[in-house]
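Just below is one structure, and these are the notes that go with it.
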Amino acid sequence: MTREEAQAIYRAGEETVVRVLVELSARVDQLTADFALLKAENLALRVECRTLRERVRTLEGQLAKDSHNSHKPPSSDGLAKPAPKSLRAPSQRPSGGQLGHPGHTLRMVENPDRILTHRVQRCTACGQSLDTVQPARVERRQVHDLPEPKLEITEHQAEIKTCSCGCVNRATFPPEAPAPVQYGPRLKGTAVYLSQYQLIPFERTAEILRDLHGCESFSQGTLANFHVDCAARLEPIEAAILKQVAASPVVGFDETGVRASGSLHWLHTVCTKALTWYHAHKKRGSEAMDAAGVLPTFQGRAIHDFWKSYLKYDCQHALCNAHLLRELVFLHEQHKQVWAKAMIDHLLAIKNAVATARSANLQAIPDTEKAPLLARYNRIVNEGYAENPRAEPPSGPKRRGRRKQSKALNLLDRFREHYQSILAFLYDFAVPFDNNQSERDLRMMKVRQKISGTFRSLDALKNFCRIRGYVSTARKNSLTALDALRRIFLGDPFLPTPNSS
């Protein structure tokens, strides 16, 4: 092989090596780019997977919520009602009436309205007449029944006399007879009772009055006029109830949605054990509460849930522990939070301790017993934080607003920051454990909405609130709803005495 041939072979080999190296370099660059792309895609998929996991957990939590572990009302449970899981400890007493309970049964009265004597006229054995024989004894049986319903019509006749001086004098008609023909106060009270208290629709109320009492000309328009008249008569009574409830030391607040004039409104309640006042407004929050006029100047203790609009007002607060227990139940059952079960048991233990102290006529729990309860409370909160460590803040510029965190941390923050409001029932025996009184006062409002769907006007809603607030107050003071409503039209409405709350 000549030198030139060797050099040619060398150059060819060198060119091959260079070409292979170039190809390898390009391949490495391609693989590097592919790896970076796959790494970025993997990171994106991990973020998306984490987001989807959180979304699935949130949706599963929403599906798992019902009336026993959230603020949703029992009516939202549908046909698949959750199994009863009461937090109340089972009693050792048997079910039914307890020993010493007087019971209630139908009993004979000493002076019946009517007596029918069934005589023995002949002997059943020989047929001899017994008309002149005095009975040896009388066996009594009483039938308790309704009288035949009949509309009683009273005609008022006013005399007209002319004096010798020429003056014509006319007698005065009573207040219940302002026109030639009208319905009386007892029938008006009964009609309002059926529609506004028993929540019977207008058409059926008119039908009941026609069928039971023979009010053939009674119409739905007449019933609507009764409502307006009743609400107008109650205006000063409502003002008196509002004044008393605003001056009460412990007051419950709550709100619920209602529909009026085809749109959503909010019905707010302000109540005590003896007083109830309702306020209807287009808004739910501070605007409506300011319009109600109670919280802006309220100096007592307000019992409510954790709706933050309430916390803006400068008064003492007490949080409803029934709401907190439901949230704790959700965290324990769905998220397996150990501290949540411990807090449920501890809150109920504090409740039982307060009840025991009350039954012993104590004004407060002794400090020697209170200190361990507070220490246990703080210990459970710390255990909750240990079970739910806070995530490190993300790198980069700090974002405005509160950073999103888990439901468990949100609830733990509430237990830590608002412990005095949560445990207000421990410090002050006048404060109840929960806000169930307010929820009970709102419950029939939801029933009314389920029956009729909506109020045709805002005025009809306000009239309903005024009438129901009066009736609720009367019933809390041991007056029947029917009697309370009849007294309105008789000119003697019930008015609670000051400090009755």
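The values are calculated or read from the model by the stated rules, or taken from the named source; none is laboratory data. All figures in this text were calculated on a predicted structure; none of them were measured in a lab. Note: ideal-geometry Cβ built from the backbone for every residue, glycine included; neighbour counts use all protein chains shown. The accessibility values were calculated without ligands, DNA or RNA, using every heavy atom of the protein model including side chains. Shrake-Rupley method; radii C 1.70, N 1.55, O 1.52, S 1.80 Å.
At-a-glance table
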| read-out | value |
| --- | --- |
| Shape box of region 17-75 [Cα atoms, principal axes, largest first, Å] | 81, 11, 10 |
| Over region 275-397, relative contact order from alpha-carbon pairs under 8 Å, at least 6 apart, % | 15 percent |
| Region 1-142, accessible area per residue, ligands and nucleic acids excluded (1.4 Å, Å²) | 97 Å² |
| Stokes-Einstein D in µm²/s, Kirkwood radius over Cα pairs - region 238-299 at 10 °C with 1.306 mPa s viscosity | 132 µm²/s |
| By average C-beta atoms within 10 angstrom, highest first, the peptides 90-100, 201-211 | 201-211, 90-100 |
| Binned Cα-Cα distance frequencies in region 209-255 - 5 Å width, integer % | 4, 16, 14, 14, 13, 11, 9, 9, 7, 2, 0 |
| Accessible area of region 108-158 belonging to carbon and sulfur atoms, whole % at 1.4 Å probe | 48 percent |
| Protection proxy ranking, peptides 349-355, 56-62, average beta carbon neighbours within 10 Å, highest first | 349-355, 56-62 |
| 1.4 Å probe accessible area per residue over region 170-311, in Å² | 47 Å² |
| In Å², nearest 10: area of residue 446 left accessible to a 1.4 Å probe | 70 Å² |
| Equivalent ellipsoid, region 91-179 (semi-axes from 5 times Cα gyration tensor eigenvalues, Å) | 54, 35, 12 |
| Proportion of all alpha-carbon pairs of the chain beyond 42 Å (%) | 47 percent |
| Accessible surface, region 338-394, averaged per residue in Å² (probe 1.4 Å) | 59 Å² |
| Fraction of accessible area attributable to carbon and sulfur, region 458-497 (%, probe 1.4 Å) | 45 percent |
| Directionally averaged projected area (convex hull, Cα atoms, region 80-237), nm² | 26.2 nm² |
| Cα pair distances exceeding 18 angstrom across region 446-501, given as percent | 43 percent |
| 19 Å tail of the calculated P(r), region 282-387, as % of Cα pairs | 60 percent |
| Sequence-separation-based contact order of region 121-209, relative, with Cα cut under 8 Å and 6+ spacing, percent | 11 percent |
| Viscosity 1.306 mPa s, 10 °C: Kirkwood-radius Stokes-Einstein D of region 195-331 over Cα pairs, µm²/s | 90 µm²/s |
| At R0 = 51 Å, FRET efficiency that the Cβ-Cβ distance of residue 42 and residue 336 yields, to 0.05 | 0.95 |
| Calculated Rg and Dmax of region 344-475 using C-alpha coordinates, Å | 21.9, 62 |
| Rg(Cα) / (2.2 N^0.38 Å) computed for region 140-212, rounded to two decimals | 1.74 |
| Helix axis angle, 202-213 relative to the chain longest principal axis, alpha carbon, degrees | 20 degrees |
| C-alpha center-to-center spacing [region 299-376, region 245-297] in angstrom | 24 Å |
| Translational diffusion of region 1-151, µm² s⁻¹ [Kirkwood Rh, Cα pairs; Stokes-Einstein; 20 °C; 1.002 mPa s] | 72 µm²/s |
| Cα-based radius of gyration of region 277-343 once divided by 2.2 N^0.38 Å, which approximates compact folds | 1.43 |
| Among the listed pairs 72/282; 65/404; 282/446; 243/282; 283/312, those beyond 19 Å (Cα-Cα) | 72/282; 65/404; 243/282 |
| Accessible area of region 280-435 belonging to carbon and sulfur atoms, whole % at 1.4 Å probe | 51 percent |
